[in-house]
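Take a look at the structure below.
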Amino acid sequence: MKAYIFPGQGAQFPGMGKDLYESSEQARSLFEQANDILGFRITDVMFEGSEEDLRQTKITQPAIFIHSCITAQLSGDAFQPDMVAGHSLGEFSALVAAGALSFEDGLRLVQQRAMAMQKACEAVEGTMAAILGLEDEVVEQVCSGITEEIVVPANYNCPGQLVISGSVPGIDLAIEKLTASGALRAMKLAVGGAFHSPLMQPAQDELRAAIERTAFATPVCPIYQNVHAQAETAPAKIRENLVAQLTAPVRWTQTMQNMIRDGVTEFIEVGGNGKVLQGLVKKIDRKFPTAVL
């Protein structure tokens, strides 16, 4: 059984998609459609922009989404998923690839999500930090013990790698406490805000309204969603979980473990630099083969 997995922020790279644009008429048409929907030529930034240009949330999220969706679409009949999942933003790419959302509607939602998150980041300063070498339970206990600031687990990426999110003073305090608790590394990430934390509540409210206006269909295969790491096929539940995702942690370790439990035999990463999710799969269970579409 094949699981197709779709990356989120962090998988971008300068020149992303340029080869697809130059080699495929179908890809060119989709890229130009994306430019029209967004109201600016994101292809200029994707193909010619610097790493710094691509790191802006309003660019990163639609760029990775576009790249992943076009990569999946160009594979044609070879794209035969038994299950899909996406890491944070990647959940939208997975839903389009599995037929639950149209490319156009998915891109509009991703653009609205990115702009709403950018606004939330500007309203309250927040950040994230990667914590390496500690059990999840230890990180959870330290976060819950900091009551004077917001600090929460945000990304369960693989065993021994958990990203936390929250206010800047809260993250500073958590880094201090987690280092004292034996973390091999506890380092702030170069991100624009506190993603997957309560500080994203204003963005969640905006996204909820947009998702409620959007048509969803039953996907061709189950999607394992971030908020609970379980398989879903019902459009109403998929919507609900997409909204909840903005302030809830990404349970990626549990998602991969559940896919393995449910019979996956190969993980195929779709879009982005093709490295991020493959690396996490190997850290979760080394015996499973991985590939890049």
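For this structure, a couple of remarks:
- Exposed loop sites here are trypsin sites (Lys or Arg not before Pro) assigned a DSSP state other than H, G, I, E or B and surrounded by at most 11 other beta carbons within 10 Å; excluding them, the longest clear run of the chain is 1-212.
- Lys pairs under 22 Å by Cα in the chain, provided they are eight or more residues apart or on distinct chains: 14
- Those GluC sites (Glu not before Pro) in the range 116-156 that DSSP places in a loop and that have at most 12 other beta carbons within 10 Å: GLU148
- Global geometry of the range 17-60, whether rounded, prolate or oblate, following the gyration tensor of its Cα atoms and the 1.5 cut on a/c: oblate
- More than 20 Å apart - percent of Cα-Cα pairs taken over the range 29-99: 32 percent
- log10 of Debye I(q)/I(0), alpha-carbon scatterers only, for the range 125-188 at 0.22 Å⁻¹: -0.75
- Put in order of Cβ neighbour count within 10 Å, fewest first, the listed residues LEU38, LEU107, LEU277 become LEU38, LEU107, LEU277.
- Note, ³J(HN,Hα) from phi for the range 179-187, Karplus 6.51, -1.76, 1.60, rounded to Hz, x at Gly and Pro: 5, 5, 7, x, 4, 5, 8, 9, 9
- Between the amide H of ARG185 and those of LEU132, distances stay under 5 Å, these residues lying 5 or more places away or on another chain, with hydrogens modeled in the peptide plane.
- Normalised Debye scattering of the range 113-272 at q = 0.12, 0.18, 0.20 Å⁻¹ gives log10 I(q)/I(0) of -0.58, -1.14, -1.27, counting only Cα atoms as equal scatterers and leaving out solvent.
- Rg in Å to one decimal, and Dmax rounded to a whole Å, for the chain via C-alpha atoms: 18.2, 56
- Residues CYS221, CYS158 arranged by fewest to most Cβ contacts within 10 Å: CYS158, CYS221
- Whole-Hz couplings from phi, Karplus 6.51/-1.76/1.60, listed for the range 146-156; x for Gly and Pro: 9, 9, 7, 9, 8, 8, 9, x, 10, 9, 8
- Whole-number percent relative contact order across the chain, with pairs defined as alpha carbons under 8 Å at least 6 apart: 24 percent
- Theoretical gain in end-to-end length, ARG261 to THR147 [0.36 nm per residue, Cα-Cα removed]: 37.4 nm
- Each pair of Cα atoms in the range 38-184 enters the Kirkwood radius, and Stokes-Einstein at 10 °C and 1.306 mPa s then converts it into a translational diffusion coefficient of 91 µm²/s.
We did not get these values from a lab; they are worked out from the coordinates using the rules stated. As the structure is a computational prediction, the values presented were derived from the model and not from experiment. Quick reminder, even Gly has a Cβ in these numbers, built from the backbone with ideal geometry, and neighbours come from all protein chains shown.
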